[in-house]
1. Which one of the conditions (1) in contact (Cβ under 8 Å) with a residue 60 or more places away in the chain; (2) under 20 Å from A163 (Cα atoms); (3) among the hydrophobic types (A, V, I, L, M, F, W, C) does W94 fail to meet, given that it meets all the rest?
2. Within the stretch 194-206, count every residue that is surrounded by fewer than 21 Cβ atoms within 10 Å (Cβ to Cβ) and either of a type outside the set (D, E) or in a helix (DSSP H, G or I) (or both).
3. Kindly list, by first and then second residue, each pair from a residue in the stretch 315-335 that is within 14 Å of R372 (Cα to Cα) to a residue that is among the acidic types (D, E), limited to pairs with Cβ atoms under 8 Å and residues at least 6 apart or on different chains.
4. Give all pairs with beta carbons closer than 8 Å in which a residue from the stretch 38-64 that is among the basic types (K, R) meets a residue that is assigned to a strand (DSSP E or B); count only pairs at least 6 apart in sequence or on separate chains.
5. Just checking, does the stretch 294-305 include any residue being among the basic types (K, R), modelled with pLDDT of 95 or more and over 21 Å from D182 (Cα atoms)?
6. Can you name the condition, by its number, that E136 falls short on among (1) over 25 Å from G342 (Cα atoms); (2) touching a Phe, Trp or Tyr at 6+ places or on another chain (Cβ under 6 Å); (3) among the acidic types (D, E)?
7. Of these, T154, T190, which one is in the same structural domain as D20 (by TED's automatic domain parsing) and modelled with pLDDT under 95?
8. Within the group A338, A349, A326, which residue is outside any strand (DSSP E or B) and among the small types (G, A, S)?
Amino acid sequence: MSAGARAAKAFSEEHGHAPDRVWSAPGRVNLIGEHTDYNDGFVLPFALPHRTAVAVAARTDGLLSMATVGDDGRLQRSEPIALDDLAPGAVRGWATYPAGVAWVLGEAGVALPGAELVIVGDVPTGAGLSSSAALECATALALLDIAGYGRDGTDAPGLFEVARWAQRAENEFAGAPTGLLDQTASLACTEAHALFFDVRSGETEQIPFDLDSAGLELLVIDTRANHAHSESGYGERRRGCERAAELLELRALRDVTATDLEDTLARLPEDLRPLVRHVVTENDRVLATVEKLRTASPTSIGDLMTASHVSMRDDYRISCEELDVAVDAALTSGAVGARMTGGGFGGSAIALVRSQDRTAVERAVLEAFEQRNLATPRLFTTVAAAGAGRDL
C-alpha cells in the first residue's frame, strides 16, 4: 500500500470521514553538489521512491490538528493549535515541520480556514535523505489545495515559490539553516532523471539518469549515525562561507572560479580556505558530472563522486567514521564511485556499483561495520523517482 493510501486510511480511522485531499512528496539523494546550494551554486539531486504523504481536510475553527503514524504503526497526536498562535518555538518535535509550513503560508498571505492533517511516510529519518523536506513539501501542497489554490481558477504558486516557503519553514521555524536543494528536489524531480539545479538563477534541467541500461545500480547506505541540521556544524559551515564571501566582496562563493582559486585562497584567513576550496571544486564537479551524463555512460562519473567525498572529508570536514567506513568499504570491494550524501555529520553514503558487484559491495560494507562494532547499516538500492504530486 502506498504512503498516500495509508495516509487516507489512517485519516479516516482517526476522524471518521475521508480526507479532502492527499498529497505526497519524496525524499531525495544528492548525487553530487554538497553545501553548494546556500553558496548560490549547482546541485544534482534525484528523488527517492520513498515518500511522505499528508492527508488533509479543512476545518472552520482556525485550528491546526496534526497526527502522524509512527514507526510502530501507532498514531501520535500533537495538541491542536490556533493558526493565529503559530510562531517559531511554539511547537516542538515532529510537528514543528508541518506547523512551520502553515505559519509560513500565513505569513505569505494564504488564507487557511484551519486544517486536520494525518501524516504517513517511509522516508528514513535522520539519514540525510531529506525526510523533513518531504514532509514540508507535502504539507505545503496539501494546505494550498484546501485553501483553494490551483482550483476554481485560483492561480497556484510555482514550484520554486513553494520550495522557498518550505525552506523558510525549515530555516526559521525548525531552526535548521539549510539551503534550497532539498525542497526543490522533492518538488521538481522527475522519474529516471537527476535534476540539474542552478540555485542562483532558479533554472533547472532534467538530466537522464538511467543506470539499468548501463548495468549499474545506486546503493544507499544509511549508516544509522543520526544527524540533525539544527544541532550540527551545518550552520557553522554556512556562516564560514558567508564570511568568506563578505571578505572577498562577492555576492556568494559561486563567484569564485577554479582559475582564480589559488589567488583567492591567499586572500583569506587560513580557517576559511578549506571551506572555499570545497565549494569551488564541488561546483566544478557538478558541472563535470552533468556533462558526462549528457555524453557518456554513468560509469564515467564514479571518480567525481569519490573526489567529492574526499573534499567533504578533508576540506569541509563534515564526514564521520561511519560515512568513511561505508565509502572505503564500497570502493575497495568494487564500487565505481562512492560518497557521503546530504548535510553530513552522519546520515547516508551512496555507492555507484555494477549490478554484478552489488552483493559483494553490500557484504563488504556490512562486514566493515561489524568489525568496528558500529551499528548495522541499512542498505538498499534505489532509482530516480517522481517528485511531489496529488494522491487523492
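The values are calculated or read from the model by the stated rules, or taken from the named source; none is laboratory data. These figures come from a predicted structure and were not determined experimentally. Note: ideal-geometry Cβ built from the backbone for every residue, glycine included; neighbour counts use all protein chains shown.
1. Here W94 meets the rest and fails (1).
2. Filtering the stretch 194-206 down to residues surrounded by fewer than 21 Cβ atoms within 10 Å (Cβ to Cβ) leaves 198, 200-206.
Subsequent filtering for residues that are either of a type outside the set (D, E) or in a helix (DSSP H, G or I) (or both) retains 200-202, 204, 206.
Counting residues in the stretch 194-206 that are surrounded by fewer than 21 Cβ atoms within 10 Å (Cβ to Cβ) and either of a type outside the set (D, E) or in a helix (DSSP H, G or I) (or both) gives 5.
3. A329/E367
4. R51/S24; R51/A25; R51/P26; R51/G27; R51/G121; R59/S65; R59/A115; R59/E116
5. Step one: list which residues in the stretch 294-305 are among the basic types (K, R), which gives 294.
This time we only want the ones that are modelled with pLDDT of 95 or more, so: 294.
Imposing the further condition that a residue be over 21 Å from D182 (Cα atoms) reduces the set to 294.
Checked the stretch 294-305: at least one residue is among the basic types (K, R), modelled with pLDDT of 95 or more and over 21 Å from D182 (Cα atoms).
6. E136 satisfies every listed condition except (1).
7. On the way: T190 fails: modelled with pLDDT under 95.
Matching residue, one of T154, T190: T154.
8. On the way: A338 fails: outside any strand (DSSP E or B); A349 fails: outside any strand (DSSP E or B).
From the options A338, A349, A326, the qualifying one is A326.
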